[in-house]
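Accompanying notes for the structure given below.
The values are calculated or read from the model by the stated rules, or taken from the named source; none is laboratory data. No experiment lies behind these values; they were computed from the predicted model shown. Quick reminder, even Gly has a Cβ in these numbers, built from the backbone with ideal geometry, and neighbours come from all protein chains shown. Each accessible area value is taken on the protein alone, full model and side chains, heavy atoms only, with ligands, DNA and RNA left out. Shrake-Rupley method; radii C 1.70, N 1.55, O 1.52, S 1.80 Å.
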Amino acid sequence: KVIWPHSVNFVGHMGSYYGGSNSEEAILYAARDLNYQAIEIDVKQTKDGVFVLCHDPKFGNYDLESYTWEQLKDVKVTETRKSGLAGDTVIGSGKYTYKLCTLERYLEICKQYGVTAVIELKTSTGISNWTELNSPQTSRMPALIKVIEDAGMINNTILSTSQYMCLAWTRNNGYDYIPCQYLVSSCENQEHLDKCKEYDLDIS
């Protein structure tokens with residue numbers, strides 16, 4: 001007997017296959033047209049600390065942490081990929097040109113369409129186990145949480161990351177109600193399981 005008590009059923013990974021991954025277009029398509037209950041994205045930062053949606057350290061040929069948001073906001077990347085539209089079975093059938101999307105815009109879309117925000121924190125300045133352990137005064141977690149709170153999404157957000165001390169930060173700073181998923185290479189590891197028990201984390 002399979003019991004599935006969760007309200008989240010379909011999660012769009014990095015938005016959807018419409019447009020570039022982590023792009024505003026991909027997120028809108030997943031929320032508005034596919035009616036996903038949740039949309040997962042990847043978060044990194046610009047040189048001046050603006051949270052942007054990107055899986056990799058670079059967007060186009062630009063290293064995110066070497067350029068400010070003002071320098072990056074108009075950079076365009078073109079990809080060829082399957083559109084995700086019904087009946088489109090040929091990979092590489094569409095070209096998409098898109099720009100970086102901010103965390104604020106993503107959260108705005110999630111709120112508008114009643115979608116759960118699933119935010120994967122990628123390694124970046126101020127978001128790492130090293131930072132949280134050795135120089136917590138430089139942590140960007142307070143700034144990240146403020147963006148989520150200001151968007152009115154603090155009660156409809158899931159955090160996911162391999163940076164487990166960032167997840168522990170939520171538990172130590174009054175955000176124990178935020179669902180957190182610890183991304184690991186194997187759950188058959190006592191250390192991983194102990195961390196999840198200590199900080200009340202789900203395990204990937």
Self-check item: From the options 58, 44, residue that is open to solvent by 80 Å² or more (accessible area, probe 1.4 Å) and modelled with pLDDT of 95 or more
Solution: 58
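Could you tell me whether residue 194 is part of a loop (DSSP other than H, G, I, E, B), open to solvent by 20 Å² or more (accessible area, probe 1.4 Å) and of a type in the set (Asp, Glu)? Reasoning before the result, please.
Numbers: part of a loop (DSSP other than H, G, I, E, B): no; open to solvent by 20 Å² or more (accessible area, probe 1.4 Å): yes; of a type in the set (Asp, Glu): yes.
The answer is no for residue 194.
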Quiz item: Filter region 130-143 for residues that are assigned to a loop (DSSP other than H, G, I, E, B) and modelled with pLDDT of 95 or more; which is most open to solvent (accessible area, probe 1.4 Å)?
Solution: 140
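Which residue is farthest from the chain's Cα centre (by Cα), if the candidates are limited to region 110-124 and must be outside any strand (DSSP E or B) and surrounded by 14 or more Cβ atoms within 10 Å (Cβ to Cβ)?
Initial filter on region 110-124 (outside any strand (DSSP E or B)): 110-115, 122-123.
Retained after the next criterion (residues that are surrounded by 14 or more Cβ atoms within 10 Å (Cβ to Cβ)): 110-111, 113, 115, 122-123.
Numbers: 110: 12, 111: 15, 113: 17, 115: 13, 122: 8, 123: 12 Å.
In this case the residue turns out to be 113.
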Quiz item: Which of the residues spanning region 71-97 are outside any loop (DSSP other than H, G, I, E, B), open to solvent by less than 40 Å² (accessible area, probe 1.4 Å) and at pLDDT 95 or above?
Solution: 72
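Within region 28-70, track down each residue that is part of a strand (DSSP E or B) and free of Cβ contacts under 8 Å to residues at least 60 places away in the same chain.
Matches in region 28-70: 52, 53, 58, 59, 62, 63.
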Quiz item: Within region 144-184, how many residues are part of a loop (DSSP other than H, G, I, E, B), aliphatic (A, V, I, L, M), closer than 20 Å to residue 108 by Cα and touching a residue at least 40 places away in the same chain (Cβ under 8 Å)?
Solution: 2
Quiz item: Which residue pairs have Cβ atoms under 9 Å apart, sit 6 or more places apart or on different chains, and have a first residue in region 98-124 that is modelled with pLDDT under 95 and a second that is among the hydroxyl-bearing types (Ser, Thr, Tyr) and open to solvent by 60 Å² or more (accessible area, probe 1.4 Å)?
Solution: 98/78
Quiz item: Are there any pairs, at least 6 apart or on different chains, whose C-beta atoms fall under 9 Å, with the first in region 16-27 and in contact (Cβ under 8 Å) with a residue 12 or more places away in the chain and β-branched (Val, Ile, Thr) and the second open to solvent by 30 Å² or more (accessible area, probe 1.4 Å) and assigned to a helix (DSSP H, G or I), and if so, which?
Solution: 27/105
